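The values are calculated or read from the model by the stated rules, or taken from the named source; none is laboratory data. Every value quoted in this text rests on a predicted model; they were computed, and no experiment measured them. Counting neighbours? That spans all protein chains shown, and the Cβs are built from the backbone with ideal geometry, glycine included. Just the protein is used for accessible areas: all its heavy atoms, side chains included, with ligands, DNA and RNA removed. Shrake-Rupley method; radii C 1.70, N 1.55, O 1.52, S 1.80 Å.
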Amino acid sequence: MLKVDNIYKSYVGSGVVTQVLNGVSLEVNRGEFVCLLGRSGSGKSTLLNIMSSLLDADKGDIIYMEQTFRGMKRCETDRFRREEAAMIFQFHHLMPYMTAFENVMLPFLSGLRPAGKEQKTSAYEALAKVGLAGKEKRLPSQLSGGEQQRVAIARAIVGKPAILFADEPTGSLDKANGDAVMKILSDLNKEGLTVVMVTHQRDYAAYAHKVVELSDGNVDSIKVKSA
Amino acid sequence: MNLFTIPLKNLRRKLLRTAMLTLVFSAGIISVVGLYYVSATVGESLEQKLTAYGANILIRPHSENLDVSYGGFSMGNMSYNVHKLDMDTVHDGVMSIGYKDRISAIAPKLLESSSVNGKEFAVVGINWIEELKIKSYWYIDTADHEPHGQEPESLPETAEMVVDGLEHGSEFGKYDIIAGNTAAKLLGLEKGRETEIEGKTFNVAGVLAPMGTDEDRLVFMDITALQELKNKPGEVTFVEVSALCSGCPIDDIVAQIKLSLPDIDVTAMQSVVKQRMFTVNFVKNLVLVISGVILVIACFMLAVFMMASVAERKSEIGILRSMGYSRAKIFCLFSFESLVIGASSGLAGFAAGYFTAVKILEKMELTDGAAVHFEPAHLLLSVGIVCVVSIAASVIPALKAARTEPASAIIRL
């Protein structure tokens with residue numbers, strides 16, 4: 001489904017070049033739960049951003065359904081993120097002035113045409129799926145950290161994406177809320193959603209079918225859990 | 001819910017800040033609209049007043065002058081080839097031009113020396129109605145005057161003149177005269193008395209208050225009466241034409257009259273015209289400059305606000321970009337936010353500016369003869385301009401927002 005082919009990436013800051021990824025290659029199959037594991041600074045978040053087309057690689061390519069990112073125009077990568085992929089982050093990044101329902105509706109608001117009844121139903125369903133039925137009208141400030149992250153998950157899945165990129169989704173949560181979020185992601189994966197998750201918590205790597213361990217911008221190991 | 005729900009919700013979240021910015025932007029628009037209406041109304045009033053202070057085009061018979069001297073003695077200028085002016089020809093000629101609707105008065109004059117109470121004196125034949133249109137500064141001390149020799153149908157019903165400083169329907173007849181202040185003293189003319197001119201009896205309808213001009217030494221009477229006395233039917237010495245109005249193209253009017261009356265000298269009284277126009281145009285240009293400065297300041301203020309808003313909402317931009325919102329959509333979000341502020345400021349500012357102008361004009365009693373006219377087109381134009389200005393102000397911040405790299409915006413946090 002998604003192939004990472006020999007990706008290199010470096011950052012330049014204050015005249016110093018920091019090599020973050022050194023020829024990383026891996027493959028994500030449809031319906032898989034892939035975990036990118038590694039210490040801070042190992043390059044896992046950078047890799048996830050490149051895989052989700054948020055960041056351009058210096059060298060190498062991402063091939064999604066036979067299409068290379070390098071050959072895509074900006075509008076095509078926008079469409080990829082709008083129609084095929086979804087993202088959640090360590091911090092929920094909800095719009096503080098919009099209710100939980102309105103935040104979940106965001107992926108449908110990118111056009112001038114008003115959102116339809118079907119889309120509103122999808123938003124209610126997504127919120128119900130993450131256990132927030134009845135809290136649709138609450139502002140993020142009226143929700144707990146775990147609930148806010150669940151709203152972010154609902155926002156990610158409302159458009160029924162093919163692949164979900166999750167960057168440290170439990171990073172800012174306590175154990176109970178982290179477990180709850182992981183259970184939701186696991187359930188979504190069981191329903192057929194491909195998940196690529198970045199984490200540094202080995203416990204949560206247990207949910208994945210494939211664990212890719214990164215170290216200093218290189219793939220250290222790829223462990224595939226037998227079915 | 002659609003794309004514009006996001007900026008609208010954001011504006012509502014920052015209600016106080018939005019209200020403050022709208023208020024400040026509106027204040028700029030209030031100044032512009034208020035100044036415009038005050039200046040337009042005062043300008044109109046000023047023009048009316050200036051128009052009332054005389055003519056601005058002079059029509060004279062064409063003549064050639066020759067400086068004559070003999071044996072070292074100068075004998076002065078000799079006029080020759082003088083074309084006589086005919087009242088009807090001049091009137092028809094002036095009223096046939098393209099700008100005839102800009103002509104407010106055509107005042108013919110016949111200047112003759114006549115025997116008044118047995119003394120030779122300068123008498124000017126005038127058309128009472130036309131003359132008083134351009135001589136509203138005349139202050140005529142009248143007796144309880146009844147028109148002498150007046151043919152009622154020759155005066156329009158609306159004809160009103162300033163007599164004793166009060167407006168009433170007093171009319172002067174064919175056998176009425178008005179004496180300049182000095183002339184009245186020299187000739188012993190008193191209001192309400194009769195006097196003889198060229199053997200005919202005339203009624204002294206009034207005496208002009210002293211003005212310190214040539215008019216103090218003249219006697220004014222009906223032009224047809226003087227033409228009959230002098231046996232010069234239809235003849236006039238010169239004609240004054242008043243054509244001052246908003247943006248009057250005096251030079252074009254003069255050119256058209258010249259074309260219409262080729263053998264006659266037509267001259268614009270340039271200094272007077274220019275002075276009047278300068279006054280009116282100065283006020284208008286001043287308002288234009290002030291309006292421009294205010295709009296530029298408002299524009300910068302909005303741009304600064306939008307710039308701060310973009311910096312503050314970088315993570316939001318990053319999230320929206322990660323959801324597939326295109327750069328164009330992000331640009332639209334910020335432009336729309338600016339447009340909403342601009343449109344609401346435009347509407348509120350126009351309404352308040354119009355109201356302010358009306359109140360200022362009322363309080364300062366500046367609307368002599370002129371009134372504030374509300375034009376819906378002005379409202380649409382003002383709001384339209386403000387919308388364009390507000391969008392222009394948001395271009396740089398909106399572009400900055402659109403060019404934000406999603407990954408950097410999210411990682412930054």
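Find all pairs meeting these conditions: Cβ atoms under 7 angstrom apart; at least six residues apart or on different chains; first residue within segment A:101-116 and within 8 Å of chain B (Cβ to nearest Cβ); second residue of a type in the set (Val, Ile, Thr).
A:107/A:158; A:109/B:5; A:109/B:6
Being open to solvent by 60 Å² or more (accessible area, probe 1.4 Å) and within 13 Å of residue B:138 (Cα to Cα) is the filter; apply it to segment B:184-212 and report the residue that is modelled with the lowest pLDDT.
It comes out as B:212.
Taking segment B:1-33 as the search range and keeping residues that are of a type in the set (S, T, N, Q) and within 13 Å of chain A (Cβ to nearest Cβ), which one is surrounded by the fewest Cβ atoms within 10 Å (Cβ to Cβ)?
If we take residues in segment B:1-33 being of a type in the set (S, T, N, Q) and within 13 Å of chain A (Cβ to nearest Cβ), then B:2 is surrounded by the fewest Cβ atoms within 10 Å (Cβ to Cβ).
Kindly provide the set of residues from segment A:9-42 that are more than 15 Å from the chain's Cα centre (by Cα), assigned to a strand (DSSP E or B) and under 16 Å from residue A:215 (Cβ atoms), ordered by number.
Answer for segment A:9-42, where residues must be more than 15 Å from the chain's Cα centre (by Cα), assigned to a strand (DSSP E or B) and under 16 Å from residue A:215 (Cβ atoms): A:9, A:18, A:19, A:20, A:21, A:22, A:23, A:24, A:25, A:26, A:38.
Could you give every pair whose Cβ atoms fall below 7 Å, whose first residue belongs to segment B:208-233 and is farther than 15 Å from residue B:172 by Cβ, and whose second residue is of a type in the set (Lys, Arg) and surrounded by fewer than 20 Cβ atoms within 10 Å (Cβ to Cβ), counting only separations of at least 6 or pairs across chains?
If the second residue must be of a type in the set (Lys, Arg) and surrounded by fewer than 20 Cβ atoms within 10 Å (Cβ to Cβ), the pairs left are B:229/B:200.
Please pick out the residue among B:385, B:341 that is under 22 Å from residue B:301 (Cβ atoms) and either among the aromatic types (Phe, Trp, Tyr) or open to solvent by 60 Å² or more (accessible area, probe 1.4 Å) (or both).
Just a single option satisfies the conditions, and that option is B:385.
Going through segment A:84-116 one residue at a time, which ones are open to solvent by less than 60 Å² (accessible area, probe 1.4 Å) and among the aromatic types (Phe, Trp, Tyr)?
Of everything in segment A:84-116, those that are open to solvent by less than 60 Å² (accessible area, probe 1.4 Å) and among the aromatic types (Phe, Trp, Tyr) turn out to be A:89, A:97, A:101, A:108.
Within segment A:78-92, identify whether any single residue is more than 16 Å from the chain's Cα centre (by Cα), aliphatic (A, V, I, L, M) and facing chain B (nearest Cβ under 8 Å), and answer yes or no.
no
So which pairs qualify, if the first residue must be in segment A:59-83 and open to solvent by 40 Å² or more (accessible area, probe 1.4 Å), the second must be of a type outside the set (D, E, K, R), the Cβ gap must be under 6 Å, and the two must be at least 6 apart or on different chains?
From residues that are open to solvent by 40 Å² or more (accessible area, probe 1.4 Å), the pairs are A:59/A:8; A:82/B:324.
Tell me, which helices (runs of 4 or more DSSP H) lie completely within segment A:54-137 with 3 or more residues that are touching a Ser or Thr at 6+ places or on another chain (Cβ under 9 Å)? Steps first, answer last, please.
Numbers: elements: A:74-79, A:100-105, A:117-129.
Helices (runs of 4 or more DSSP H) meeting the threshold: A:74-79, A:100-105.
Is there any pair with a first residue in segment B:392-406 that is within 14 Å of chain A (Cβ to nearest Cβ) and a second that is in a loop (DSSP other than H, G, I, E, B) and surrounded by 15 or more Cβ atoms within 10 Å (Cβ to Cβ) whose Cβ atoms are under 7 Å apart and which are 6 or more apart or on different chains, and what are they?
Close Cβ pairs (under 7 Å, with a partner that is in a loop (DSSP other than H, G, I, E, B) and surrounded by 15 or more Cβ atoms within 10 Å (Cβ to Cβ)) amount to B:406/A:54.
Quick check on my filter: what residues within segment A:179-211 are in contact with an Asp or Glu (Cβ under 9 Å, 6 or more places away or on another chain), open to solvent by less than 10 Å² (accessible area, probe 1.4 Å) and without any contact (Cβ under 8 Å) to a residue 40 or more places away in the chain?
A:182
Out of the residues in segment A:117-133 that are within 14 Å of chain B (Cβ to nearest Cβ) and of a type outside the set (A, V, I, L, M), which is most open to solvent (accessible area, probe 1.4 Å)?
This residue is A:117.
Where in segment B:1-86 are the strands (runs of 3 or more DSSP E), entirely inside, with at least 3 residues that are in the same structural domain as residue B:240 (by TED's automatic domain parsing) and modelled with pLDDT under 85? Write out each step before concluding.
Numbers: elements: B:57-61, B:64-70, B:73-80.
Counting at least 3 such residues, we get B:64-70, B:73-80.
Kindly check whether there is at least one residue in segment B:347-360 that is assigned to a helix (DSSP H, G or I), open to solvent by less than 50 Å² (accessible area, probe 1.4 Å), within 14 Å of chain A (Cβ to nearest Cβ) and in contact with a Phe, Trp or Tyr (Cβ under 6 Å, 6 or more places away or on another chain).
no
For residue B:101, are the conditions met, namely being assigned by TED's automatic domain parsing to the domain that holds residue B:172, surrounded by fewer than 18 Cβ atoms within 10 Å (Cβ to Cβ) and assigned to a strand (DSSP E or B)?
Here the answer is no, as residue B:101 does not meet what is asked.
Quick one: count up the residues across segment B:315-333 that are over 17 Å from residue A:75 (Cβ atoms) and either at the interface with chain A (Cβ under 7 Å from one of its Cβ atoms) or without any contact (Cβ under 8 Å) to a residue 60 or more places away in the chain (or both).
The qualifying residues number 3.
Mind checking whether some residue in segment A:134-150 is open to solvent by less than 20 Å² (accessible area, probe 1.4 Å) and under 21 Å from residue A:203 (Cβ atoms)?
yes
Looking at the structure I just gave you, is residue A:174 open to solvent by 10 Å² or more (accessible area, probe 1.4 Å) and either under 16 Å from the mean Cα position of the chain (by Cα) or touching a residue at least 40 places away in the same chain (Cβ under 8 Å) (or both)? It would help to see each step written out before you state the result.
Numbers: open to solvent by 10 Å² or more (accessible area, probe 1.4 Å): yes; either under 16 Å from the mean Cα position of the chain (by Cα) or touching a residue at least 40 places away in the same chain (Cβ under 8 Å) (or both): no.
The answer is no for residue A:174.
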